[in-house]
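The structure under discussion appears below in the form of structure tokens.
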Amino acid sequence: MDLEALKITKDQSRIMTIASGGCNIMNYLTEEPAAVKAIDLNPAHVALSRLKLCAAKHLPDYESFFNFFGHADKKQNIDNYYKYIAPNLDPFSRKYWEGYSLVHGRRINYFRKNIYQFGILGRFIGVVHLLAKIYGQDPRDILKAKTLKEQGEVYDRTLGPIFQKKLVKFICNMPPALYGLGIPPSQFDELNEAAKNKGNDMAGLLNERLRRLACDFPIESNYFAWQAFGRGYDKLNRQAVPRYLTKENYEKLKANADRVTVHNTLITEYLQSQPQGSLDCFVFLDAQDWMTDQQLRELWNEVLRTAAPGARVIFRTAGIESPLTTALTPDVLKRFHYDPSASKSAVRKDRSSIYGGFHVYTLGGEVGLQKAKKAAAQKAAAKAKPATKKAVLKKKKTQLKKTASKTAAVKTASVTAKPATAKKAAAKKPAAKKAVAKKNSC
């Protein structure tokens, strides 16, 4: 959904995104943008993103890359880390991965124990699986479904009824419990409001969104569902995997990894350091759900300053509505085109499925976007002009040479023809005299 909304232009688009686990960065790279600037305050996210980029550049082949991030549970990954990645990894990230966790030793060991079971998202998925097992169900059953209809039947038989249990309802209505799973109080409030608007409770809303993830998209290609229900990617057929883990995109990653920089800082602070009009795409994920209105105003003032004409900003929200409608001033809002109704269709297409809103803001609207494309075309044409001028001059020189050659040939032919003409004329004179003499004698 991100790529469709961002409309990335090869070798031209300059993207600023929140790094998160680095999957979005790597997926954007498959479109070969001019630059990707990734920002994250979480050191683990920074280290993971840099690890992926370094691995793409320095692991020997696609299979070793897929083993590292597709399987993420092989002993060979650790050997490859020390042989190929560690010598090329930045000190900050190397210190993180070779540092120790409380239970699993060095953090790099996660890659031989399925790293996708760890972290906040991994814990959240783990809790869902634990609750399912308590009630005698296995979420993995849904991965065996052959059709969307079967997916719905399996979900309604296994996971759906769990959200009706008193224990699950109790957990879902506790903000501290959900905060421990990565849902902050502000997002909890948004979710709660969305649930009430639908005449539902929190358990019912989470059930609805999890069902969308399980049933609205073909399971064989939905890697978000595989992560949720299988705790990993499709390792056998390699269909339900992110774009960056497909074989056809591997060489693009290797070739374009240097176009990414990853920064451990705040979004607004980073934008304050960037030149005016220097970015074409902004990706905020769900970070704005964590912000106050004042923080949103400060952020969007910088977005407005650093955005090029036609720049596109995308983000997700736990609730349905965009927080900008009430947080930003009318003077800022009127500079962007935003269609609230388009958010509903975007949510239906969003395979992550856990969010209530997917929002796209365009600086100057479609007019601004067309101006940006026209400016990019003019820039490309300006770069091509010197080469065109050289080609024209070369053509003129060639034509002049040809003309000069023809002129010389004509002159040579003319000079050669003169003696022959003189001889013919001389030969004609005696014949003419004889003819005159003969006439007179008559």
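Bear in mind these aren't lab numbers, they're just calculated from the coordinates by the rules spelled out. Computed from a predicted structure; not experimentally measured. Counting neighbours? That spans all protein chains shown, and the Cβs are built from the backbone with ideal geometry, glycine included.
I want the local charge near ILE25. Using Cβ-Cβ distances under 12 Å, sum +1 for each Lys or Arg and -1 for each Asp or Glu among the other residues.
+2
To the nearest 20 debye, what charge dipole does the stretch 1-137 have about its Cα centre, counting +1 at the Cβ of each Lys and Arg and -1 at the Cβ of each Asp and Glu?
500 debye
Suppose a student asked you for the relative contact order of the stretch 198-353, using Cα pairs under 8 Å spaced at least 6 residues apart; what percent would you report?
The normalised contact order for the stretch 198-353 reaches 22 percent.
Below 13 angstrom from the Cβ of VAL332, what's the summed charge of the other residues (Lys, Arg +1; Asp, Glu -1)? Let's see the in-between values first.
Details: positive: ARG297, ARG305, LYS334, ARG335; negative: ASP293, GLU298, GLU302, ASP331.
Charge balance in the 13 Å sphere: 0.
Quick one: if you stick a label point 7 Å off each Cα along the C-beta vector at ASN88 and SER278, how many nm between them?
2.7 nm
Could you tell me which trypsin sites (Lys or Arg not before Pro) in the stretch 1-34 are loop residues by DSSP with no more than 14 other beta carbons within 10 angstrom of their beta carbon?
For trypsin sites (Lys or Arg not before Pro) across the stretch 1-34 that sit outside H, G, I, E and B with at most 14 neighbouring Cβ atoms in 10 Å, the list reads LYS10.
Students often forget the sequence filter, so: which aspartates and glutamates lie under 18 Å Cα-Cα from LYS349 once same-chain residues fewer than 8 apart are removed?
List returned: ASP2, GLU4, GLU208, ASP216, GLU220, ASP286, GLU321, ASP339.
Kindly provide the chymotrypsin sites (Phe, Trp or Tyr not before Pro) of the stretch 198-242 that DSSP labels as loop, not H, G, I, E or B, and whose Cβ sees at most 11 other Cβ atoms within 10 Å.
In loop regions of the stretch 198-242 (DSSP not H, G, I, E or B), there are no sparsely surrounded chymotrypsin sites (Phe, Trp or Tyr not before Pro).
Any chance you could run the full-extension gain for GLU251 through GLN294? It's 0.36 nm times the residue separation minus the Cα-Cα distance, nm to one decimal.
On the way: separation 43, 0.36 × 43 = 15.48 nm, distance 4.31 nm.
This chain segment gains 11.2 nm when fully extended.
Could you work out how much longer the chain between ASP189 and LEU333 gets when fully extended? Use 0.36 nm per residue separation minus the Cα distance between them, nm to one decimal.
So the extension gain works out to 49.4 nm.
For the stretch 1-144, what's the relative contact order in percent, using C-alpha pairs closer than 8 Å and at least 6 residues apart? Could the numbers behind the result be given before it?
Details: 157 pairs, mean separation 24.1, N = 144.
The value is 17 percent.
Can you list the aspartates and glutamates whose alpha carbon sits under 12 Å from that of LYS247, skipping same-chain ones fewer than 8 residues off?
Excluding near neighbours in sequence, the set is ASP61, GLU63.
By its C-alpha gyration tensor, with a ≥ b ≥ c as the square roots of the eigenvalues, how is the stretch 241-346 shaped: rounded for a/c under 1.5, else prolate for a/b larger than b/c, else oblate?
prolate
Net charge around ILE134, counting only other residues with Cβ within less than 13 Å of its Cβ (Lys, Arg = +1; Asp, Glu = -1)?
Neighbourhood net charge equals +2.
What are the chymotrypsin sites (Phe, Trp or Tyr not before Pro) within the stretch 101-208 that DSSP puts in a loop, where the Cβ has at most 14 other Cβ atoms within 10 Å?
TYR135
Can you give me the distance in nm between label points at THR326 and ALA381, each placed 7 Å from the Cα along the Cα-to-Cβ direction?
With each label point 7 Å from Cα toward Cβ, the separation is 4.8 nm.
When a/c reaches 1.5 or more, the comparison of a/b and b/c decides; with that in mind, is the stretch 41-163 rounded, prolate or oblate per its Cα gyration tensor?
prolate
For the stretch 115-231, what is the convex hull volume of the alpha-carbon atoms per residue, in Å³?
So the per-residue hull volume is 101 Å³.
Mind checking which of ILE134, ALA228, ASN200 is farthest towards the positive end of the stretch 115-231's charge dipole, using Cβ charges of +1 (Lys, Arg) and -1 (Asp, Glu) about the Cα centre?
Working it through, the farthest residue towards the positive pole turns out to be ILE134.
Which order results if GLU63, GLU321 are arranged by neighbouring Cβ count within 10 Å, fewest first?
Ordered from fewest to most neighbouring Cβ atoms within 10 Å, GLU63, GLU321 come out as GLU63, GLU321.
List the relative contact order of the stretch 115-231 as a percent without decimals, with contacts defined as Cα pairs under 8 Å and 6+ residues apart.
Averaging sequence separation for qualifying contacts and normalising by length gives 36 percent for the stretch 115-231.
Past 28 Å, Cα to Cα, is the threshold; run LYS149/LYS344; LYS7/LYS198; LYS37/LYS144 against it and keep the listed order.
Working: LYS149/LYS344 23 Å; LYS7/LYS198 33 Å; LYS37/LYS144 39 Å.
Where the Cα-Cα span goes over 28 Å, the pairs concerned are LYS7/LYS198; LYS37/LYS144.
Please label the shape of the stretch 59-114 as rounded, prolate or oblate, based on the square roots a ≥ b ≥ c of the eigenvalues of the alpha-carbon gyration tensor (a/c under 1.5 means rounded; beyond that, a/b larger than b/c means prolate, else oblate). Kindly include the intermediate steps, with their values, before the conclusion.
Values: a/c = 2.42, a/b = 1.21, b/c = 2.01.
It is oblate, given that a/c is not under 1.5 and a/b is not larger than b/c.
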